[in-house]
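Single-structure report; data block below.
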Amino acid sequence: MLNKLLATVKKEALLLLRDKVGLAVLFVMPVALILVMTLIQDSAFKSINEKGIPIVFVNDDNDSLGYNIKQGLMQNDLCYLVDSIDGKPATAELAKKAVSEGNFLLGIVIPKGATTAIRKNVSALVDETMNGSDSLQQQQDSVEITILIDPVAKKSFLNAVTSNLREFISEVKTKIMFQSFSEQIADVIPDRQNAPTNSYKKSQIIHYKEIFASTASDKIIPNAVQHNVPAWTIFAMFFIAIPLSNSILKEKTEGSVFRLHTMPTPYLLLINGKIIVYVIVCLLQFLLMLAVGKFLLPQLGLPALVLGNSMAGILLLTLATGFAATGFGVAVGTLATTDHQAAIMGSLSILLLSALGGIWVPSYVMPQVMRTISSYSPLNWSLEGFYKLFLRGGTVNDILPDVLKLMAFFFVMMAIAHLANRKKRNV
Amino acid sequence: MSNTAIIEIENLTKTFKHAEEPAVNGISFSINRNEIFGLLGPNGAGKTTTISILCGLFAPSSGKIVIDSKNLYEELPLIKKIIGIVPQDIALYPTLSARENLAFYGSMYGLHGKNLKNRIEFWLEKLGLKDTGKRQVSTYSGGMKRRVNLIAGILHQPKILFLDEPTVGVDVQSRNVIIEHLKEINAAGTTIIYTSHHMEEAENFCTRVSIIDHGKLLTVGTPTELINNNTGAANLEALFLNLTNRKLRD
Ligand SMILES: Nc1ncnc2c1ncn2[C@@H]1O[C@H](COP(=O)(O)OP(=O)(O)OP(=O)(O)O)[C@@H](O)[C@H]1O
Ligand SMILES: [Mg+2]
């Protein structure tokens, strides 16, 4: 049995090596795609990425509130704060214009007297509580902080960012309120040890950290390289469906099928030989693309690919993707009746699955409906897995669900091929 | 049925899906051990269909087949090991060389290592392909492809060899070489089932022939027997035309 399998593998490898066009499709096309797409998308991703989300910050307050928000945002890697436009200090008007023109994704305007307004509110509150006066109702100064949003920016992405931003701003507001509150209380209550100042500060420090930690781990946005290298590698791996299905169909049309089906060797063994060869091809494709990402792209002034730290995870995910892709090729090769048909069926379905799967446009910028559909594409499972490994420091455990889904896809494809084959041979 | 029969066919019928007429229609005959049995008939008579069923490529609609005392559908894997096939269409990988093709097909029949290599070289030498054996098959002439196609079916020394028009489209030289070697193989103990449109070749080569048309068996016997029994037929070709008449076929 092993001899037969080896002979099949050898035959298949020779066939592939002599298919120069097929090889070009498998190895040259993805390199070209990675280069072109990365260079095109680099500037688009850059606006979000390189230094962080570009935010224009207008501080008309010039007091605690404005100062604290500015400090907080500047410490955050996700944001890149700018407070002047074209060399002039940013004003609310200028900021609005700049954001609407797309120079910044977001703008934040802290109005004049915001801190004073908060303090006033607090004094009124204290007054009311201590003295029973109803001054609060009379002078409720609202503190309006404006968040300006680039109208053409992807909403789904911005929603996440702005809601975090709102949360953060209200934290700062609350903090200032409590500070002035406790200061005033301390004036009223002589026993300073019971003043709430310290205890609030403590809890506040911990709370801040939480906000930033969650922001950083959930919303890492890949740069063009981190997205395009895995994306187009997966695309290329699935493209082996074309030469693979071709190899299956050629055997039918070139007459070998008469021999193949009358030999004392199960047809499945022949298919297994193909799967082995093409999964190895997938691994080679992956290595080539890693090399492109790590060594070639930096030569072109692009950031180098960062691999994360789970080599086992990468290998596992690549293998699973390879299996899913070969299974797909086997199914296409069995369902189609001519190699022409297989080429059209294969390439169209891969284009569709890749577009849905977030290869062309990352799925996190898709509308919610599309994102839901996207999660049914095997290319998306693979891509999500690579995001986890490359961007979020994921381990084997984190990608296991993706690996299992890809392997399940492989087995479903093999089952479909088996049924189709049985039906076809029943002439 | 004779106890020297190696293939026994009883009432074999095959109607393809969506076909109106059966391609093989209630055929019964048996083939003896060590015979060279000719399956003759016009285009579309059902020759390839019959051979395909005998090789286990697809199932018949009805009928019983016993090969080497085994029921075909109960012991197909065993039977597959003892048969060899030379299909009507060249069944080779065009981008592989003759040696690579033969190595693959030989392996599929369980040959390997030195034995496989020796047999490949033996036959390439015998059929005049030793020097060209490393060229891709796509660069071969029709006759060379036929010869390689033949070797792929006989490498494993099958007990029963099915030849579906093994000499179609080849020159006289190639044809003679092929027929000569087939006779040798037969002399070494292989039963041969052979189809052809070449009546003269069949008359000389076969020990017995059958003539089928429209899926029906018209006659079966030794060439001499059949010619003598049919008044006015001087040779197999005349007999063939008498039986199947001169109308053109699909
Ligand atoms: N797979 C198939 N599906 C449907 N019909 C088929 C199939 N294979 C053969 N036939 C039909 O069955 C009939 C017998 O075909 P077959 O190939 O057995 O003829 P043949 O005797 O080998 O002819 P030839 O000498 O031209 O090779 C023909 O009418 C053919 O059209
Ligand atoms: Mg035929």
* Likely footprinting exposure, B:Asp164, B:Asp213, A:Asp127, fewest C-beta neighbours within 10 Å first -> A:Asp127, B:Asp213, B:Asp164
* **Positive minus negative residues near A:Asn309 (Lys, Arg vs Asp, Glu; Cβ under 14 Å)** => +1
* In terms of modelled amide H atoms, which long-range or inter-chain residues lie less than 5 Å from the amide H of A:Ile53? -> A:Cys79, A:Tyr80
* Structure fact -> Total charge of the residues flanking B:Lys159 in space, meaning their Cβ is under 13 Å from its Cβ, with Lys and Arg +1 and Asp and Glu -1, is +2
* **Potential extension, A:Val361-A:Phe411 segment - 0.36 nm per residue separation minus Cα distance** => 15.2 nm
* Asked: So for the pair A:Ser347, B:Thr231, with labels modelled 7 Å out along Cα→Cβ, what separation do we get in nm?
  -> 6.9
* Work out how much length B:Glu184 to B:Thr132 would gain on full extension: take 0.36 nm times their residue separation and subtract the Cα-Cα distance, in nm to one decimal. => 16.4 nm
* C-alpha long axis of helix B:172-187 to longest principal axis of chain B, angle in ° -> 80
* Structure fact -> Put in order of increasing Cβ neighbours within 10 Å, starting from the fewest, A:Tyr376, B:Tyr93 give A:Tyr376, B:Tyr93
* What does the charge count near A:Ser245 come to, summing +1 for each Lys or Arg and -1 for each Asp or Glu among other residues with Cβ under 12 Å from its Cβ? -> +1
* Calculate for chain B the 222 nm mean residue ellipticity that helices alone would give, adding -39,500 (n - 2.57) per DSSP H run of length 4 or more and normalising by residue count, nearest 500 deg cm²/dmol. => -11000 deg cm²/dmol
* To do: Quick one: order A:Lys4, A:Lys112, B:Lys114 by neighbouring beta-carbon count within 10 Å, fewest to most.
  => B:Lys114, A:Lys112, A:Lys4
* Structure fact -> Given unit charges at Cβ for Lys, Arg (+) and Asp, Glu (-), the dipole magnitude of the protein assembly as shown about its Cα centre in debye, nearest 20, is 1820
* **Acute angle (nearest 10 degrees) that the helix B:142-154 long axis makes with the longest principal axis of chain B, alpha-carbon atoms** => 90
* **Lys/Arg +1, Asp/Glu -1 at C-beta; the protein assembly as shown dipole; positive extreme among A:Trp232, B:Gly84, A:Gly333** => B:Gly84
* Structure fact -> the range A:95-114 scanned against label point 7 Å out from A:Glu183 along Cα→C-beta; backbone N under 19 Å for A:111-114
* To do: Positive end of the charge dipole of the protein assembly as shown (Lys, Arg +1 and Asp, Glu -1 on Cβ, about the Cα centre): tell me which of A:Phe390, A:Val306, A:Leu317 has its Cα farthest that way.
  => A:Leu317
* Rounded to the nearest 20 Debye, what is the dipole magnitude of chain B about its Cα centre when Lys and Arg each give +1 and Asp and Glu each give -1 at the C-beta? -> 720
* **Inter-part distance where the range A:250-325 and the range A:67-101 are each reduced to a Cα centre, Å** => 48
* Which angle from 0 to 90°, rounded to the nearest 10, does the C-alpha axis of helix B:98-108 make with the longest principal axis of chain B? -> 70
* **Longest exposed-site-free window of chain B, the sites being chymotrypsin sites (Phe, Trp or Tyr not before Pro) in a DSSP loop that have at most 16 other C-beta atoms within 10 Å** => B:74-250
* Between A:Gln368 and A:Leu2, with labels modelled 7 Å along Cα→Cβ, what's the label distance in nm to one decimal, could you check? => 5.7
* Asked: Rounded to the nearest 20 Debye, what is the dipole magnitude of the range B:41-158 about its Cα centre when Lys and Arg each give +1 and Asp and Glu each give -1 at the C-beta?
  -> 300
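Each reported figure results from applying straightforward, stated rules to the coordinates on display, with no laboratory input. Values in this document were obtained by computation on a predicted structure and should not be read as measured data. No Cβ is skipped: glycine too gets one built from the backbone with ideal geometry, and neighbour counts run over all protein chains shown.
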